[in-house]
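See structure below.
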Amino acid sequence: MDFLQKSRLAPLYARELAQFHARTPRSSATRETARGFMPDGVPMSWMSAFFSHPPVFVDGGEGSIFRDIDGNSYIDFNLADLSNTVGYGNTVVARALAGCAARGIQYLLPSMDAIAVSAALAARTGMPFWQYTGTASAANIEAIRIARAYTRREKVVLFTGKYHGHIDITLAKGGGPDGNEPARPSSMGVSARATADAINVAFNDLDQLKTALDKGDVALVLIEPALTNCSLVLPDLGFLEGACEMTNAAGALFALDETHTLQMAYGGLIGERGLKADILTLGKGFGAGVSLGAYGLTPELAQFIDKHQDGDTVPEPGIALGGTTYGNALSLAGARAMLEEVATPEAHNRVARLGARLADGLDVIIARHGLPWRAFRYGPRSGFCLTPSFPRTYAEAIRSVHADFYNLRHTYLANRGIWDAIVSAGPQVSFAHTEEDVDRYIEVCAELIDEIATA
Ligand SMILES: Cc1ncc(COP(=O)(O)O)c(C=O)c1O
(Lines give C-alpha, C1' and ligand atoms only; values in the text may rest on other atoms or scores of the structure.)
Protein backbone atom coordinates (compact mmCIF):
# COMPACT_ATOMS: atom_id res chain seq x y z
CA MET A 1 0.00 0.00 0.00
CA ASP A 2 1.25 3.46 -0.91
CA PHE A 3 2.06 5.18 2.37
CA LEU A 4 1.13 8.57 0.87
CA GLN A 5 -2.10 7.53 -0.83
CA LYS A 6 -4.72 10.25 -1.22
CA SER A 7 -7.34 8.46 0.89
CA ARG A 8 -5.01 8.70 3.89
CA LEU A 9 -3.81 12.24 3.35
CA ALA A 10 -7.06 13.96 2.31
CA PRO A 11 -9.03 13.66 5.60
CA LEU A 12 -5.99 14.75 7.61
CA TYR A 13 -5.48 17.71 5.30
CA ALA A 14 -9.15 18.76 5.58
CA ARG A 15 -8.89 18.66 9.38
CA GLU A 16 -5.63 20.64 9.42
CA LEU A 17 -6.89 23.24 6.93
CA ALA A 18 -9.95 23.88 9.11
CA GLN A 19 -7.66 24.31 12.09
CA PHE A 20 -5.42 26.66 10.11
CA HIS A 21 -8.43 28.85 9.22
CA ALA A 22 -9.52 28.88 12.88
CA ARG A 23 -6.04 30.01 14.00
CA THR A 24 -5.69 32.84 11.47
CA PRO A 25 -8.92 34.94 11.43
CA ARG A 26 -7.14 38.32 11.33
CA SER A 27 -4.90 37.25 8.45
CA SER A 28 -8.01 36.08 6.57
CA ALA A 29 -9.89 39.33 7.18
CA THR A 30 -6.83 41.39 6.25
CA ARG A 31 -6.40 39.47 3.04
CA GLU A 32 -10.01 40.22 2.10
CA THR A 33 -9.31 43.95 2.55
CA ALA A 34 -6.02 43.61 0.68
CA ARG A 35 -7.80 41.96 -2.24
CA GLY A 36 -9.25 45.39 -3.00
CA PHE A 37 -5.74 46.63 -3.76
CA MET A 38 -3.62 43.68 -4.83
CA PRO A 39 -4.40 40.51 -6.82
CA ASP A 40 -5.23 37.80 -4.26
CA GLY A 41 -4.38 40.33 -1.53
CA VAL A 42 -0.61 39.95 -1.74
CA PRO A 43 2.14 42.22 -3.12
CA MET A 44 3.79 39.36 -5.02
CA SER A 45 1.95 36.30 -6.28
CA TRP A 46 4.34 33.71 -4.77
CA MET A 47 3.26 34.81 -1.29
CA SER A 48 -0.04 33.02 -1.82
CA ALA A 49 0.79 30.69 -4.74
CA PHE A 50 3.49 28.80 -2.81
CA PHE A 51 1.04 27.50 -0.19
CA SER A 52 -2.22 25.55 -0.40
CA HIS A 53 -3.49 27.26 2.77
CA PRO A 54 -4.09 31.04 2.78
CA PRO A 55 -1.12 33.33 3.37
CA VAL A 56 -0.53 34.78 6.84
CA PHE A 57 0.27 38.46 7.30
CA VAL A 58 3.48 38.99 9.23
CA ASP A 59 3.83 41.04 12.39
CA GLY A 60 7.55 40.61 13.14
CA GLY A 61 10.22 38.14 14.10
CA GLU A 62 13.19 37.37 16.28
CA GLY A 63 16.01 34.88 15.70
CA SER A 64 14.59 31.81 13.94
CA ILE A 65 10.95 32.72 14.66
CA PHE A 66 8.38 35.02 13.04
CA ARG A 67 4.87 35.94 14.24
CA ASP A 68 1.70 36.51 12.27
CA ILE A 69 -0.89 39.18 13.07
CA ASP A 70 -3.06 36.60 14.89
CA GLY A 71 -0.22 36.11 17.39
CA ASN A 72 0.88 32.68 16.11
CA SER A 73 4.63 32.03 16.12
CA TYR A 74 6.49 29.92 13.58
CA ILE A 75 10.00 28.50 13.67
CA ASP A 76 11.00 29.29 10.12
CA PHE A 77 12.55 26.48 8.05
CA ASN A 78 11.79 28.18 4.72
CA LEU A 79 14.06 31.22 5.30
CA ALA A 80 12.13 33.11 2.61
CA ASP A 81 13.41 30.49 0.16
CA LEU A 82 17.00 31.07 1.34
CA SER A 83 16.88 34.86 1.02
CA ASN A 84 16.77 35.21 4.81
CA THR A 85 19.45 32.85 6.10
CA VAL A 86 20.50 35.54 8.60
CA GLY A 87 17.34 35.08 10.72
CA TYR A 88 15.12 37.84 12.12
CA GLY A 89 16.32 41.00 13.84
CA ASN A 90 20.02 40.14 13.76
CA THR A 91 21.52 43.01 15.77
CA VAL A 92 24.75 43.29 13.76
CA VAL A 93 22.87 43.52 10.47
CA ALA A 94 20.22 45.84 11.96
CA ARG A 95 22.94 48.20 13.20
CA ALA A 96 24.70 48.21 9.81
CA LEU A 97 21.45 48.87 7.91
CA ALA A 98 20.23 51.54 10.33
CA GLY A 99 23.61 53.28 10.20
CA CYS A 100 23.56 53.28 6.42
CA ALA A 101 19.93 54.41 6.25
CA ALA A 102 20.74 57.32 8.56
CA ARG A 103 23.62 58.40 6.28
CA GLY A 104 22.01 57.72 2.90
CA ILE A 105 20.64 54.60 1.24
CA GLN A 106 21.40 55.28 -2.38
CA TYR A 107 23.73 57.56 -4.33
CA LEU A 108 24.30 55.94 -7.75
CA LEU A 109 27.96 56.09 -6.73
CA PRO A 110 30.18 53.47 -5.08
CA SER A 111 30.24 53.23 -1.29
CA MET A 112 33.25 51.93 0.65
CA ASP A 113 31.27 48.79 1.57
CA ALA A 114 31.42 47.76 -2.11
CA ILE A 115 35.15 47.13 -1.79
CA ALA A 116 34.78 45.18 1.46
CA VAL A 117 32.00 42.98 0.04
CA SER A 118 33.92 42.32 -3.18
CA ALA A 119 37.07 41.44 -1.22
CA ALA A 120 35.10 39.09 1.06
CA LEU A 121 33.43 37.36 -1.91
CA ALA A 122 36.78 37.07 -3.71
CA ALA A 123 38.42 35.54 -0.64
CA ARG A 124 35.76 32.90 -0.15
CA THR A 125 34.96 32.01 -3.78
CA GLY A 126 38.22 32.71 -5.61
CA MET A 127 36.44 34.90 -8.21
CA PRO A 128 38.48 38.12 -8.30
CA PHE A 129 36.14 40.76 -9.82
CA TRP A 130 32.57 41.62 -8.81
CA GLN A 131 29.50 43.45 -10.10
CA TYR A 132 26.18 43.94 -8.33
CA THR A 133 22.52 43.83 -9.36
CA GLY A 134 19.22 43.91 -7.49
CA THR A 135 18.47 40.18 -7.64
CA ALA A 136 19.99 36.85 -8.62
CA SER A 137 17.72 36.81 -11.68
CA ALA A 138 19.26 40.08 -12.82
CA ALA A 139 22.75 38.69 -12.20
CA ASN A 140 21.92 35.76 -14.48
CA ILE A 141 20.50 38.08 -17.16
CA GLU A 142 23.77 40.03 -17.18
CA ALA A 143 25.85 36.83 -17.20
CA ILE A 144 24.01 35.72 -20.34
CA ARG A 145 24.46 39.12 -21.97
CA ILE A 146 28.19 39.23 -21.22
CA ALA A 147 28.66 35.72 -22.58
CA ARG A 148 26.84 36.59 -25.79
CA ALA A 149 28.85 39.77 -26.24
CA TYR A 150 32.12 37.98 -25.51
CA THR A 151 31.59 34.87 -27.66
CA ARG A 152 29.37 36.51 -30.30
CA ARG A 153 27.14 33.45 -30.09
CA GLU A 154 23.49 33.17 -29.00
CA LYS A 155 22.71 29.75 -27.51
CA VAL A 156 22.56 29.06 -23.80
CA VAL A 157 22.81 25.57 -22.32
CA LEU A 158 20.72 24.90 -19.21
CA PHE A 159 20.06 21.77 -17.15
CA THR A 160 16.63 20.17 -16.82
CA GLY A 161 15.26 20.86 -13.33
CA LYS A 162 17.10 24.17 -13.07
CA TYR A 163 15.78 27.47 -11.82
CA HIS A 164 17.68 30.68 -12.49
CA GLY A 165 14.91 33.23 -11.96
CA HIS A 166 12.11 34.51 -14.11
CA ILE A 167 14.24 35.20 -17.18
CA ASP A 168 12.64 34.51 -20.56
CA ILE A 169 15.38 32.30 -22.00
CA THR A 170 15.63 30.16 -18.87
CA LEU A 171 11.84 29.61 -18.72
CA ALA A 172 12.29 27.00 -21.45
CA LYS A 173 11.38 23.36 -21.68
CA GLY A 174 12.22 20.73 -24.30
CA GLY A 175 15.01 21.69 -26.70
CA GLY A 176 17.26 18.70 -26.13
CA PRO A 177 21.01 18.57 -26.81
CA ASP A 178 20.81 17.39 -30.45
CA GLY A 179 18.91 20.56 -31.50
CA ASN A 180 16.24 18.58 -33.41
CA GLU A 181 13.42 20.38 -31.66
CA PRO A 182 13.70 23.95 -30.34
CA ALA A 183 13.01 24.67 -26.69
CA ARG A 184 9.65 26.28 -25.98
CA PRO A 185 8.21 28.44 -23.20
CA SER A 186 7.53 26.60 -19.96
CA SER A 187 5.01 29.21 -18.77
CA MET A 188 2.60 31.82 -20.08
CA GLY A 189 3.78 35.16 -21.42
CA VAL A 190 7.26 34.01 -22.41
CA SER A 191 8.37 34.67 -25.98
CA ALA A 192 8.91 31.56 -28.09
CA ARG A 193 11.67 33.45 -29.89
CA ALA A 194 13.49 33.95 -26.57
CA THR A 195 13.34 30.29 -25.56
CA ALA A 196 14.40 29.05 -29.02
CA ASP A 197 18.00 29.82 -28.06
CA ALA A 198 17.88 27.58 -24.96
CA ILE A 199 19.20 24.02 -24.95
CA ASN A 200 18.20 21.80 -22.03
CA VAL A 201 20.47 18.89 -21.11
CA ALA A 202 20.34 16.39 -18.25
CA PHE A 203 22.26 17.15 -15.06
CA ASN A 204 25.16 14.79 -14.36
CA ASP A 205 25.33 13.84 -18.06
CA LEU A 206 28.54 14.95 -19.79
CA ASP A 207 27.64 13.13 -23.02
CA GLN A 208 24.53 15.28 -23.47
CA LEU A 209 26.52 18.41 -22.71
CA LYS A 210 29.10 17.44 -25.32
CA THR A 211 26.38 16.95 -27.93
CA ALA A 212 24.96 20.37 -27.12
CA LEU A 213 28.37 22.02 -27.43
CA ASP A 214 29.50 20.22 -30.57
CA LYS A 215 27.80 22.65 -33.02
CA GLY A 216 30.01 25.48 -31.76
CA ASP A 217 27.13 27.95 -31.31
CA VAL A 218 26.85 28.02 -27.50
CA ALA A 219 27.66 31.28 -25.70
CA LEU A 220 27.11 30.13 -22.13
CA VAL A 221 26.59 27.02 -20.05
CA LEU A 222 24.61 28.15 -16.99
CA ILE A 223 24.37 25.65 -14.17
CA GLU A 224 23.37 25.41 -10.53
CA PRO A 225 26.23 23.32 -9.11
CA ALA A 226 23.56 21.31 -7.30
CA LEU A 227 19.93 21.32 -8.45
CA THR A 228 18.16 22.87 -5.47
CA ASN A 229 14.78 23.78 -6.93
CA CYS A 230 13.33 20.31 -7.65
CA SER A 231 14.13 18.79 -4.24
CA LEU A 232 17.87 18.14 -4.45
CA VAL A 233 20.36 16.67 -6.92
CA LEU A 234 24.03 16.75 -5.99
CA PRO A 235 26.71 16.66 -8.71
CA ASP A 236 28.58 13.43 -9.37
CA LEU A 237 32.24 13.61 -8.49
CA GLY A 238 34.04 15.25 -11.41
CA PHE A 239 30.86 16.33 -13.22
CA LEU A 240 31.25 20.07 -12.66
CA GLU A 241 34.97 19.99 -13.37
CA GLY A 242 34.37 18.01 -16.59
CA ALA A 243 31.52 20.30 -17.63
CA CYS A 244 33.66 23.41 -17.18
CA GLU A 245 36.58 21.95 -19.12
CA MET A 246 34.36 20.75 -21.97
CA THR A 247 32.56 24.11 -22.15
CA ASN A 248 35.74 26.15 -22.37
CA ALA A 249 37.22 23.74 -24.93
CA ALA A 250 34.15 24.43 -27.09
CA GLY A 251 34.75 28.19 -26.90
CA ALA A 252 31.81 28.86 -24.57
CA LEU A 253 31.73 30.43 -21.11
CA PHE A 254 30.85 28.49 -17.98
CA ALA A 255 28.69 30.13 -15.28
CA LEU A 256 27.90 28.66 -11.89
CA ASP A 257 24.69 29.95 -10.30
CA GLU A 258 25.38 29.67 -6.58
CA THR A 259 22.37 31.70 -5.49
CA HIS A 260 21.32 28.82 -3.22
CA THR A 261 24.52 26.84 -2.78
CA LEU A 262 26.53 29.78 -1.41
CA GLN A 263 24.40 29.31 1.70
CA MET A 264 25.35 25.63 2.00
CA ALA A 265 29.06 26.04 2.66
CA TYR A 266 31.54 28.85 3.35
CA GLY A 267 32.43 30.01 -0.17
CA GLY A 268 29.71 27.83 -1.73
CA LEU A 269 30.60 24.81 -3.83
CA ILE A 270 33.16 26.78 -5.82
CA GLY A 271 35.04 27.61 -2.61
CA GLU A 272 34.55 24.22 -1.00
CA ARG A 273 35.66 22.21 -4.03
CA GLY A 274 38.00 24.69 -5.70
CA LEU A 275 35.89 24.66 -8.88
CA LYS A 276 36.58 26.85 -11.89
CA ALA A 277 34.09 29.14 -13.63
CA ASP A 278 34.11 32.18 -15.90
CA ILE A 279 31.14 33.76 -14.14
CA LEU A 280 29.69 33.08 -10.68
CA THR A 281 26.20 34.42 -9.97
CA LEU A 282 24.83 35.02 -6.48
CA GLY A 283 21.81 36.45 -4.71
CA LYS A 284 19.40 35.88 -1.85
CA GLY A 285 20.92 35.17 1.57
CA PHE A 286 24.28 36.86 1.25
CA GLY A 287 22.44 40.20 1.15
CA ALA A 288 21.13 39.66 4.69
CA GLY A 289 17.53 39.77 3.45
CA VAL A 290 17.94 43.00 1.48
CA SER A 291 17.41 42.56 -2.25
CA LEU A 292 20.82 42.07 -3.84
CA GLY A 293 22.44 40.04 -6.59
CA ALA A 294 26.05 39.78 -7.72
CA TYR A 295 28.32 38.14 -10.22
CA GLY A 296 31.98 37.31 -10.05
CA LEU A 297 34.15 37.51 -13.15
CA THR A 298 37.56 36.34 -14.29
CA PRO A 299 40.14 39.10 -14.94
CA GLU A 300 39.67 38.62 -18.69
CA LEU A 301 35.88 39.17 -18.51
CA ALA A 302 36.28 42.06 -16.08
CA GLN A 303 38.58 43.72 -18.61
CA PHE A 304 36.11 42.96 -21.40
CA ILE A 305 33.16 44.69 -19.71
CA ASP A 306 35.42 47.54 -18.70
CA LYS A 307 36.33 48.01 -22.36
CA HIS A 308 32.71 47.78 -23.51
CA GLN A 309 30.96 50.02 -21.03
CA ASP A 310 27.60 51.44 -22.04
CA GLY A 311 26.56 54.89 -20.82
CA ASP A 312 25.83 58.48 -21.72
CA THR A 313 29.47 59.57 -22.06
CA VAL A 314 30.91 56.62 -23.96
CA PRO A 315 31.08 57.04 -27.75
CA GLU A 316 29.95 53.55 -28.91
CA PRO A 317 27.20 51.35 -27.47
CA GLY A 318 28.69 48.67 -25.22
CA ILE A 319 27.09 45.89 -23.18
CA ALA A 320 23.86 46.94 -21.48
CA LEU A 321 24.59 46.22 -17.82
CA GLY A 322 23.31 47.83 -14.63
CA GLY A 323 20.18 49.30 -13.09
CA THR A 324 19.60 52.51 -11.15
CA THR A 325 19.38 50.90 -7.70
CA TYR A 326 21.87 48.05 -8.30
CA GLY A 327 24.83 48.00 -5.91
CA ASN A 328 23.21 50.62 -3.70
CA ALA A 329 24.78 51.55 -0.37
CA LEU A 330 22.09 49.90 1.78
CA SER A 331 22.29 46.47 0.16
CA LEU A 332 26.08 46.47 0.33
CA ALA A 333 26.09 47.56 3.99
CA GLY A 334 23.84 44.57 4.76
CA ALA A 335 26.01 42.22 2.71
CA ARG A 336 29.17 43.43 4.44
CA ALA A 337 27.71 42.76 7.89
CA MET A 338 26.45 39.38 6.72
CA LEU A 339 29.73 38.26 5.19
CA GLU A 340 32.11 39.67 7.78
CA GLU A 341 30.16 39.02 10.96
CA VAL A 342 27.37 36.47 10.43
CA ALA A 343 28.34 33.95 7.74
CA THR A 344 31.74 33.15 9.24
CA PRO A 345 33.47 29.76 8.84
CA GLU A 346 32.46 28.87 12.43
CA ALA A 347 28.84 29.81 11.77
CA HIS A 348 28.81 27.70 8.59
CA ASN A 349 30.18 24.75 10.57
CA ARG A 350 27.48 25.24 13.20
CA VAL A 351 24.61 25.27 10.68
CA ALA A 352 26.08 22.23 8.94
CA ARG A 353 25.97 20.40 12.29
CA LEU A 354 22.36 21.50 12.81
CA GLY A 355 21.50 20.35 9.28
CA ALA A 356 23.01 16.93 10.03
CA ARG A 357 20.99 16.78 13.27
CA LEU A 358 17.85 17.50 11.25
CA ALA A 359 18.68 14.80 8.70
CA ASP A 360 19.53 12.27 11.45
CA GLY A 361 16.18 12.95 13.13
CA LEU A 362 14.23 12.47 9.88
CA ASP A 363 16.16 9.26 9.16
CA VAL A 364 15.08 7.89 12.56
CA ILE A 365 11.40 8.58 11.74
CA ILE A 366 11.79 6.99 8.29
CA ALA A 367 13.45 3.87 9.76
CA ARG A 368 10.83 3.53 12.53
CA HIS A 369 8.10 3.25 9.89
CA GLY A 370 10.20 1.11 7.53
CA LEU A 371 9.63 3.58 4.70
CA PRO A 372 11.67 3.31 1.47
CA TRP A 373 12.81 6.90 1.91
CA ARG A 374 15.80 8.74 3.31
CA ALA A 375 16.62 12.23 4.51
CA PHE A 376 18.34 14.67 2.19
CA ARG A 377 21.54 16.03 3.69
CA TYR A 378 23.42 18.95 2.26
CA GLY A 379 24.97 21.24 4.88
CA PRO A 380 22.13 23.12 6.56
CA ARG A 381 19.49 21.62 4.24
CA SER A 382 17.54 18.42 4.71
CA GLY A 383 14.04 17.09 3.97
CA PHE A 384 12.24 13.94 2.94
CA CYS A 385 13.75 12.15 -0.07
CA LEU A 386 10.82 9.93 -1.07
CA THR A 387 13.01 7.36 -2.86
CA PRO A 388 15.44 4.80 -1.40
CA SER A 389 18.50 6.39 -3.01
CA PHE A 390 19.41 10.00 -3.64
CA PRO A 391 18.44 11.30 -7.11
CA ARG A 392 21.03 11.94 -9.81
CA THR A 393 18.61 13.45 -12.33
CA TYR A 394 15.60 15.76 -12.42
CA ALA A 395 13.30 12.84 -13.24
CA GLU A 396 14.39 11.05 -10.06
CA ALA A 397 14.37 14.21 -7.95
CA ILE A 398 10.87 15.28 -8.86
CA ARG A 399 9.49 12.13 -7.22
CA SER A 400 10.19 13.81 -3.87
CA VAL A 401 8.08 16.83 -4.83
CA HIS A 402 4.78 15.29 -3.67
CA ALA A 403 2.06 17.96 -3.64
CA ASP A 404 -0.49 16.18 -1.39
CA PHE A 405 2.13 15.21 1.22
CA TYR A 406 3.59 18.70 1.07
CA ASN A 407 0.25 20.50 1.43
CA LEU A 408 -0.60 18.38 4.46
CA ARG A 409 2.89 18.76 5.94
CA HIS A 410 3.03 22.54 5.53
CA THR A 411 -0.42 23.03 7.07
CA TYR A 412 0.12 20.47 9.86
CA LEU A 413 3.47 21.98 10.79
CA ALA A 414 2.12 25.56 10.63
CA ASN A 415 -0.63 24.60 13.09
CA ARG A 416 2.12 23.45 15.45
CA GLY A 417 4.37 26.48 15.16
CA ILE A 418 6.65 25.52 12.27
CA TRP A 419 6.92 27.14 8.84
CA ASP A 420 8.18 24.49 6.44
CA ALA A 421 10.12 25.13 3.23
CA ILE A 422 8.36 25.47 -0.13
CA VAL A 423 7.54 22.24 -1.96
CA SER A 424 10.47 22.27 -4.37
CA ALA A 425 13.03 22.90 -1.60
CA GLY A 426 13.54 21.36 1.83
CA PRO A 427 13.69 22.54 5.40
CA GLN A 428 16.88 24.47 6.04
CA VAL A 429 18.37 25.96 9.19
CA SER A 430 19.43 29.60 9.29
CA PHE A 431 22.31 31.13 11.23
CA ALA A 432 19.75 31.90 13.96
CA HIS A 433 18.47 28.35 14.53
CA THR A 434 19.13 26.32 17.65
CA GLU A 435 19.21 22.60 18.44
CA GLU A 436 15.80 23.02 20.14
CA ASP A 437 14.34 24.43 16.89
CA VAL A 438 15.62 21.42 14.97
CA ASP A 439 14.34 18.97 17.58
CA ARG A 440 10.91 20.57 17.46
CA TYR A 441 10.80 20.12 13.66
CA ILE A 442 11.68 16.45 14.07
CA GLU A 443 9.14 15.96 16.88
CA VAL A 444 6.26 17.44 14.86
CA CYS A 445 7.25 15.48 11.73
CA ALA A 446 7.29 12.30 13.84
CA GLU A 447 3.71 13.04 14.99
CA LEU A 448 2.64 13.68 11.39
CA ILE A 449 4.13 10.45 10.03
CA ASP A 450 2.60 8.49 12.95
CA GLU A 451 -0.79 9.99 12.10
CA ILE A 452 -0.45 9.16 8.41
CA ALA A 453 0.57 5.60 9.31
CA THR A 454 -2.54 5.07 11.39
CA ALA A 455 -4.96 6.97 9.10
C1 LIG B 1 19.55 28.98 -8.26
C2 LIG B 1 18.72 30.22 -8.35
N3 LIG B 1 19.12 31.20 -9.15
C4 LIG B 1 18.42 32.35 -9.27
C5 LIG B 1 17.25 32.52 -8.58
C6 LIG B 1 16.49 33.80 -8.72
O7 LIG B 1 16.52 34.51 -7.52
P8 LIG B 1 15.66 35.85 -7.37
O9 LIG B 1 14.23 35.43 -7.47
O10 LIG B 1 16.00 36.34 -6.01
O11 LIG B 1 16.06 36.75 -8.45
C12 LIG B 1 16.78 31.51 -7.74
C13 LIG B 1 15.52 31.66 -6.99
O14 LIG B 1 14.98 30.72 -6.41
C15 LIG B 1 17.54 30.32 -7.62
O16 LIG B 1 17.15 29.31 -6.83
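The values are calculated or read from the model by the stated rules, or taken from the named source; none is laboratory data. If you're wondering where the values come from, they're calculated on a predicted model, not measured in any experiment. Cβ atoms come from the backbone with ideal geometry, glycine included; neighbour counts cover every protein chain shown.
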Condition broken by residue 425, with the remaining ones in (1) assigned to a helix (DSSP H, G or I); (2) crowded, with 20+ Cβ neighbours inside 10 Å; (3) within 22 Å of the chain's Cα centre (by Cα) satisfied: (1)
task: Report the residue count in region 250-272 for those that are over 17 Å from residue 347 (Cβ atoms) and without any contact (Cβ under 8 Å) to a residue 40 or more places away in the chain.
output: 3
message: Among the residues of region 290-311, are any more than 26 Å from residue 341 (Cα to Cα), within 16 Å of the ligand (Cβ to nearest atom), touching a residue at least 40 places away in the same chain (Cβ under 8 Å) and not assigned by TED's automatic domain parsing to the domain that holds residue 400?
response: no
Number of the exception - residue 80 against (1) surrounded by fewer than 21 Cβ atoms within 10 Å (Cβ to Cβ); (2) over 30 Å from residue 176 (Cα atoms); (3) more than 16 Å from the ligand (Cβ to nearest atom): (3)
- line: When residue 284 is run through (1) under 17 Å from residue 224 (Cα atoms); (2) surrounded by fewer than 24 Cβ atoms within 10 Å (Cβ to Cβ); (3) in contact (Cβ under 8 Å) with a residue 24 or more places away in the chain; (4) more than 11 Å from the ligand (Cβ to nearest atom), the failure sits at (4)
- prompt: Does residue 143 satisfy the condition of being buried (at least 21 other Cβ atoms within 10 Å of the Cβ) and within 16 Å of the ligand (Cβ to nearest atom)?
  reply: yes
Filter result for residue 122 (more than 16 Å from the ligand (Cβ to nearest atom) and either over 30 Å from residue 336 (Cα atoms) or buried (at least 18 other Cβ atoms within 10 Å of the Cβ) (or both)): no
- prompt: Which fully enclosed helices (runs of 4 or more DSSP H) of region 23-127 have 3 or more residues being of a type in the set (A, V, I, L, M, F, W, C) and either in contact (Cβ under 8 Å) with a residue 24 or more places away in the chain or farther than 30 Å from residue 12 by Cβ (or both)?
  reply: 79-82, 91-103, 112-125
- prompt: Filter region 208-225 for residues that are crowded, with 20+ Cβ neighbours inside 10 Å and closer than 27 Å to residue 390 by Cα; which is nearest to the ligand (Cβ to nearest atom)?
  reply: 224
query: Considering only region 326-373, how many residues are over 22 Å from the mean Cα position of the chain (by Cα) and among the β-branched types (Val, Ile, Thr)?
result: 3
Hits in region 164-176 - residues which are assigned to a loop (DSSP other than H, G, I, E, B) and more than 15 Å from the ligand (Cβ to nearest atom): 175, 176
- prompt: Is it the case that some residue within region 229-245 is closer than 18 Å to residue 139 by Cβ, within 14 Å of the ligand (Cβ to nearest atom) and either modelled with pLDDT of 95 or more or in contact with a helix residue (DSSP H, G or I) (Cβ under 6 Å, 6 or more places away or on another chain) (or both)?
  reply: yes
- request: Considering only residues that are within 18 Å of residue 323 (Cβ to Cβ) and not hydrophobic (A, V, I, L, M, F, W, C), look in region 125-137 and name the one that is surrounded by the most Cβ atoms within 10 Å (Cβ to Cβ).
  value: 133
query: Looking at region 1-49, which of the residues that are surrounded by fewer than 12 Cβ atoms within 10 Å (Cβ to Cβ) and of a type in the set (S, T, N, Q) is nearest to residue 409 (Cα to Cα)?
result: 7
statement: For region 2-22 the number of residues that are in a loop (DSSP other than H, G, I, E, B) and among the aromatic types (Phe, Trp, Tyr) is 1
- prompt: Restricting attention to region 146-163, and to residues there that are part of a loop (DSSP other than H, G, I, E, B) and farther than 21 Å from residue 298 by Cα, which single residue is nearest to the ligand (Cβ to nearest atom)?
  reply: 163
